[in-house]
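As structure tokens, the structure follows; a few thoughts come after it.
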Amino acid sequence: MYTTFLDRSANVDNVMFFIVGISVFMLVLVTFLMIFFLVKYNRKKNPVAENIEGNLKLEIIWTVIPTILVLAMFYYGWIGFKIMRNPPRDAMPVKVTARMWSWSFAYENGQKSDELNVPLNRPVKLIIISEDVIHSLFIPAFRIKEDAVPGMETYLWFNPDKIGTYDLFCSEYCGVGHHSMISKVNVMSQGDFSRWYAKKEEAAAPKGRDALAIMKKNACLDCHTTDGTVEIGPSFKGIFGKKEKVITNGREREVVVDEEYLKRSLIEPDADVVKGFDAIMPSQKGALTDEEISVIIEYIKDLK
Amino acid sequence: MTINSFYNTPGRHTGILSWILSTDHKRIGILYLTSMFSFFFVAVILGVLMRLELIAPGRTIMSATTYNAVFTVHGVIMIFLFIIPGIPAGLGNFIMPLQIGARDVAFPRINLMSWWFYISGALVILVSLFTGGGAPDTGWTFYVPYSIMTGTNVTLAVFGVFLLGISSTLTGINFVTTIHRLRAPGMKWFRMPLFVWSLYATGWVQILATPVLALTLLLLIAERLFGFGFFDPSKGGDPLMFEHLFWIYSHPAVYIMILPAMGAVTEIIPVFARRTIFGYKAIAFSSLAIAGAGYLVWGHHMFTSGMSDMARMVFSFLTFIVAIPSGIKVFNWVASLYKGSIELVSPLLFTITFIFLFSIGGLTGLINGALATNVFVHGTYFIVAHFHYTMFGGTAFAFFAALHFWFPKITGRMYRESLAIKAWIILFIGFNVLYFPMFILGLEGMPRRYYDYLPRFQPEQFISTVGSWILAAGLAIMFYNLISSIFRGEKAPGNPWGGSTLEWTTSSPPPHENFEDLPVVTGGPYRFGKKE
């Protein structure tokens, strides 16, 4: 059950309640008056209408009062927004990289993760970049969102004030894997966070040998299956040693899928695109170490 | 049908050619209505399929690739082929010259050419679905860089939209000129029906905003075909520039969609309340104010885009300013019922529903307009709910109201009132069951354009899908009633509702050149119960 529905981030929610309150009042007023007039001035009861051309005083009233109300809404919306745009100086910086279709988070000490881990009550500043198309980082529980735009840096901040796990979504349509570009925010106690933060080498090592874990982390499996079904990209099953028709610089040619081809496909995915598929895979250059690449290739070799 | 009806006056051609080569504004209006409702029907089916896919998490009936193409094509058809041409090109073409006492529009051949651009654009879009890389999967907004990278047939689809833009611009020029030059003797500006005022304001938006879309789409095509780099940061371009250019048109475009709808309901209320409209000038000026201020608020689609905080603040402010004239209209409509002598029949019922649903759409727009709350709801189902309340609950319900209202004038027949009421009940229930849960989904944090979702969103998604079936049933009943009544309905008199504007002074359906003798206007448009 999602317990944070409208009970957190008081600042945004107060603006919300203010606007919703006025809106509900207006809606009820308009609806009530319409129904009341429809009943009261029904042709059976009121066979002759009165032609009222207008009333300047009323026009002024229902121009001025809504103007004041909407300006108040603008003002509160802006004040709430200003808070969102001014991160505290001591906020913990986390660099967020968005790409089709995964998130990665890099911390000050070099620690990396695919879920956002933060300590309780320490403001976090997210510095957001995109490697390919426009994405949007959205954490509903903290009421924050900002686009990840290629070629520029954007930012967000929030104060993780309650221990727990919260959803993190991509909310700008970014292609076929958009719906799977989901991660988590883990708000941990100071102690838990410090233990996780410090243990980066050990954590990285065993992961390095587990091909499936690496592929999951890099969102390979959103498009490529391991059971032979074809989704967005070719399946890994049985692909090693297979002859494939590929498009190289707009020309069709045939290649044998070998170690060299697999490696090139990871680093320069647009170089030789298997016929029938779109050139939409992001390059894994920098995302995978040489060791990880060879682990993946070994795994694919064995997947008959 | 009277002997001299325009149906019996085909002109130089016969058969289908007497329609697709006709320069009679009434025949062109009917061409638009039939073609756009055919496309509407296709997009409704796509919408129902989309909802069916979302009835449960995981794959239900289609793959992610198909789903993305389906929501894109649903949006492109509904926006560019149905709701933008919608009321102006369809009903506006038929009714506006009648309302100002003219024999046709100012440029009848350009009017026909507009329809040809429209249908060519539609065919190009249709072809784009089945050729090249297949149906576009970018969403109707075509945001770069994704729309440049995707292998689907974006280029051709965008070219189709470009052609539709030409159609829309030409219609705008035609209508503005017609309203300036062809009003009947004695019809001063403040004696024009308010539907004409709304088309006038819309015409200016079409003329001034659509070229920006045309330019943007050509830049996008150049980027895709030749790699110009207008929007590519690695080549000195900027993806945000595309968003700006796109919304400079596409925000005013929502006023192209809603203003004529507001105009149509403003015609309906006085007729069934048997009294003059309350605040004629306030309504006329608010149309112009909406059209004018509507140009300056495009940035509110970009509050989380990375645009500067200063720009976000200014655009938020302007957005609230544009809310005021819409509010004024609502208050004037309600006040126009006061001390009337009201007959609650289907056109008025649809109109009241329009006011209710549009108010929900408009008021939730305030939540989108305020910066702090926008950041939260932007890109979620809340937005989907908001614009379906304004565009479907607003524009489309007003369109339905107007279709029933002018049906006797257009076809010369009456539809079945009892069936119209039944269709209305089902539509009203279906609409709210379909779209209201989306407000809640949005506030719970569900992003839009998701093929799959977390299990906790399922209850609302399920209810919404059930709503789509109810809504589709309501549409089927309504169109069955209207279409079957074209052939079997009772004959309609010239003025079945007791309306006071000029279109009701001629026969139903009107003769070839609208009036036997051109009318002379001596007073305002809404005069009831007064001795002439």
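Evaluate peptide A:141-153: per residue, the Cβ atoms of other protein chains within 10 Å of its Cβ; return the mean as an integer.
That average works out to 6.
Pull up the cross-link candidates among the aspartates and glutamates for B:LYS339, meaning alpha carbon to alpha carbon under 12 Å and not fewer than 8 places away within one chain.
A:GLU50, A:GLU53
How much net charge surrounds B:SER484 when only the other residues with a Cβ under 12 Å from the Cβ of B:SER484 are counted, with Lys and Arg +1 and Asp and Glu -1? Please list the in-between numbers first.
Numbers: positive: B:ARG413, B:ARG416, B:ARG488; negative: none.
Computed value for this residue: +3.
By the scheme Lys and Arg +1, Asp and Glu -1, what is the net charge of all other residues having a beta-carbon under 10 Å from that of B:MET307? All intermediate terms of the calculation are to be shown ahead of the outcome.
Numbers: positive: B:ARG312; negative: A:ASP147, B:GLU243, B:ASP309.
Around B:MET307, the charge tally is -2.
For A:VAL274, what residues show an amide H to amide H distance below 5 Å, using hydrogens built from the backbone and excluding near sequence neighbours?
A:ILE247
Using only the C-alpha atoms of segment A:10-85, find the volume of their convex hull and express it per residue in Å³.
Working: hull volume 6.5 nm³, N = 76.
Taking the convex hull of the Cα positions in segment A:10-85, it is 85 Å³ per residue.
What whole-number volume per residue, in cubic angstrom, does the convex hull of the C-alpha atoms of segment B:6-505 give? Working shown, then result.
Working: hull volume 71.8 nm³, N = 500.
Per residue, the Cα convex hull of segment B:6-505 comes to 144 Å³.
For the protein assembly as shown, what are the per-bin percents of Cα-Cα distances with bins 10 Å wide, up to the bin holding the maximum?
Going from the shortest bin to the longest, the percentages are 2, 12, 22, 24, 18, 11, 6, 3, 1, 0.
For Cα pairs less than 8 Å apart in space and 6+ apart in sequence, what is the mean separation divided by the residue count of segment B:155-279, i.e. the relative contact order in percent? List each step's numbers first, then the result.
On the way: 119 pairs, mean separation 39.3, N = 125.
It comes to 31 percent, rounded to a whole number.
For chain A, what proportion of DSSP beta bridges, expressed in % and rounded to the nearest 5, is antiparallel? Before the final figure, lay out the partial values.
Values: 33 of 46 bridges.
The antiparallel proportion sits near 70 percent.
So how compact is segment A:208-302: Cα radius of gyration and Dmax in angstrom?
Gyration radius and largest Cα-Cα distance of segment A:208-302: 12.5, 37 Å.
Just need the relative contact order of chain B here, percent rounded to a whole number, with Cα pairs under 8 Å and 6+ apart. Working shown, then result.
Numbers: 908 pairs, mean separation 98.5, N = 532.
After rounding, I find 19 percent.
Using a cut-off of 13 Å between beta-carbons, work out the net charge of the residues near B:TRP406 (Lys and Arg +1, Asp and Glu -1, B:TRP406 not included).
Details: positive: B:LYS26, B:LYS409, B:ARG413; negative: B:GLU267, B:GLU503.
Around B:TRP406, the surrounding residues sum to +1.
Return the sequence-ordered ³J(HN,Hα) values of segment A:175-185 in whole Hz as given by the Karplus equation 6.51 cos²θ - 1.76 cosθ + 1.60 applied to θ = phi - 60°, using x for Gly and Pro.
Once rounded to whole Hz, the list reads x, 5, x, 3, 5, 9, 7, 10, 9, 10, 10.
Working from Cα positions, state the angle (0 to 90°, nearest 10) between the long axis of helix B:25-53 and the longest principal axis of chain B.
40 degrees
Output the antiparallel fraction of DSSP beta bridges having both residues in the protein assembly as shown, as a percent to the nearest 5. Walk me through the numbers before you get to the answer.
Details: 36 of 50 bridges.
Once the DSSP bridges in the protein assembly as shown are tallied, antiparallel ones form about 70 percent.
Which entries of A:LYS40/B:LYS422; A:LYS95/A:LYS145; A:LYS40/B:LYS281 have Cα-Cα distances beyond 20 Å here?
Values: A:LYS40/B:LYS422 24 Å; A:LYS95/A:LYS145 15 Å; A:LYS40/B:LYS281 27 Å.
Where the Cα-Cα span goes over 20 Å, the pairs concerned are A:LYS40/B:LYS422; A:LYS40/B:LYS281.
Fewest to most neighbouring Cβ within 10 Å: what's the order for B:PHE190, B:PHE107, B:PHE230? It would help to have the intermediate numbers written out before the result.
Working: B:PHE190 11, B:PHE107 17, B:PHE230 20.
Ordered from fewest to most neighbouring Cβ atoms within 10 Å, B:PHE190, B:PHE107, B:PHE230 come out as B:PHE190, B:PHE107, B:PHE230.
What three numbers, in Å, describe the spread of the alpha carbons of chain A along their principal axes, ordered from the longest?
Computed over the Cα atoms, the extents are 88, 51, 36 Å.
Whose amide H sits under 5 Å from the amide H of B:GLY133, counting only residues 5 or more places off or on another chain, with H placed in the peptide plane?
B:ASN153
Quick check on my link table: of A:LYS45/B:LYS491; A:LYS45/B:LYS329; A:LYS263/A:LYS301; A:LYS217/A:LYS242; A:LYS217/A:LYS285; A:LYS237/A:LYS301, which ones sit more than 20 Å apart, alpha carbon to alpha carbon?
Working: A:LYS45/B:LYS491 30 Å; A:LYS45/B:LYS329 27 Å; A:LYS263/A:LYS301 12 Å; A:LYS217/A:LYS242 26 Å; A:LYS217/A:LYS285 15 Å; A:LYS237/A:LYS301 9 Å.
Those over the limit are A:LYS45/B:LYS491; A:LYS45/B:LYS329; A:LYS217/A:LYS242.
Using a cut-off of 16 Å between alpha-carbon atoms, which lysines can reach B:LYS26, once sequence neighbours fewer than 8 places away in the same chain are excluded?
List returned: B:LYS409.
To the nearest 20 debye, what charge dipole does the protein assembly as shown have about its Cα centre, counting +1 at the Cβ of each Lys and Arg and -1 at the Cβ of each Asp and Glu?
On the way: 68 positive and 60 negative charges, 569 e Å.
Roughly 2740 debye for the protein assembly as shown.
What does the convex hull of the Cα atoms of segment B:1-84 come to per residue, in Å³, rounded to a whole number? Could you put the intermediate results ahead of the total?
Values: hull volume 10.5 nm³, N = 84.
About 125 Å³ per residue, rounded to a whole number.
By count of other Cβ within 10 Å, fewest leading, how are A:CYS220, A:CYS174 ordered? It would help to have the intermediate numbers written out before the result.
Details: A:CYS220 22, A:CYS174 25.
Lowest count first: A:CYS220, A:CYS174.
Among bridges DSSP assigns within segment A:92-198, what percent are antiparallel (round to 5)?
Values: 24 of 36 bridges.
Counting DSSP beta bridges with both partners in segment A:92-198, the antiparallel share is about 65 percent.
What is the angle, in °, between the Cα long axis of helix B:194-226 and the longest principal axis of the Cα atoms in chain B? Nearest 10 is fine, range 0 to 90.
It works out to around 30 degrees.
Which order do B:TYR451, A:TYR75 fall in if you start with the one that has the fewest other Cβ atoms within 10 Å?
Details: B:TYR451 23, A:TYR75 15.
Going from least to most buried by this count: A:TYR75, B:TYR451.
Under the Karplus relation 6.51 cos²θ - 1.76 cosθ + 1.60, θ = phi - 60°, what is the ordered set of whole-Hz ³J(HN,Hα) values for segment A:96-109, x standing for Gly and Pro?
3J(HN,Hα) across segment A:96-109, in whole Hz: 10, 10, 9, 8, 5, 9, 8, 10, 9, 10, 10, 9, 4, 8.
Percent relative contact order of segment B:423-484, based on C-alpha pairs within less than 8 angstrom and at least six residues apart? Don't jump to the answer; show the numbers that get you there.
Working: 60 pairs, mean separation 36.3, N = 62.
Once divided by the residue count of segment B:423-484, the mean separation gives 58 percent.
Which of the lysines could be linked to B:LYS235 by a straight reach, that is with a Cα gap under 19 Å, when you skip same-chain ones fewer than 8 residues away?
Partners within reach: none.
Kindly provide the helix-only [θ] at 222 nm of chain B, computed as the sum of -39,500 (n - 2.57) over DSSP H runs of four or more divided by all residues, to the nearest 500 deg cm²/dmol? Kindly include the intermediate steps, with their values, before the conclusion.
Numbers: 17 runs with 330 residues, N = 532.
Mean residue ellipticity at 222 nm (helix-derived): -21500 deg cm²/dmol.
So, R0 is 41 Å and r is the distance between the beta-carbons of A:LYS95 and A:ASP270; what FRET efficiency does that work out to, to 0.05? Could the numbers behind the result be given before it?
Working: r = 26 Å, r/R0 = 0.62.
Plugging the Cβ-Cβ distance into 1/(1 + (r/R0)^6) gives 0.95.
Treating the angle as unsigned and between 0 and 90°, give the value, to the nearest 10°, between the Cα long axis of helix B:397-411 and the longest Cα principal axis of chain B.
40 degrees
Which whole DSSP H helices in chain A pass both tests: a Cα extent of 24 Å or more along the axis and a mean Kyte-Doolittle value no lower than 0.0?
Working: long enough: A:10-40 (43 Å, 2.13); A:56-85 (43 Å, 1.26).
Helices passing the filter in chain A: A:10-40, A:56-85.
Which whole number gives the average, over all residues in B:346-352, of C-beta atoms from other chains lying within 10 Å of the residue C-beta?
Working: counts 0, 0, 1, 1, 0, 1, 5.
Counting Cβ atoms of other protein chains within 10 Å of each residue's Cβ and averaging gives 1.
Throughout, read-outs are computed from the coordinates displayed, never taken from laboratory work. The structure presented is a predicted model; accordingly, all values stated were derived computationally and were not measured. Using ideal geometry, Cβ is built from the backbone for each residue, glycine included, and neighbour counts are taken over all protein chains shown.
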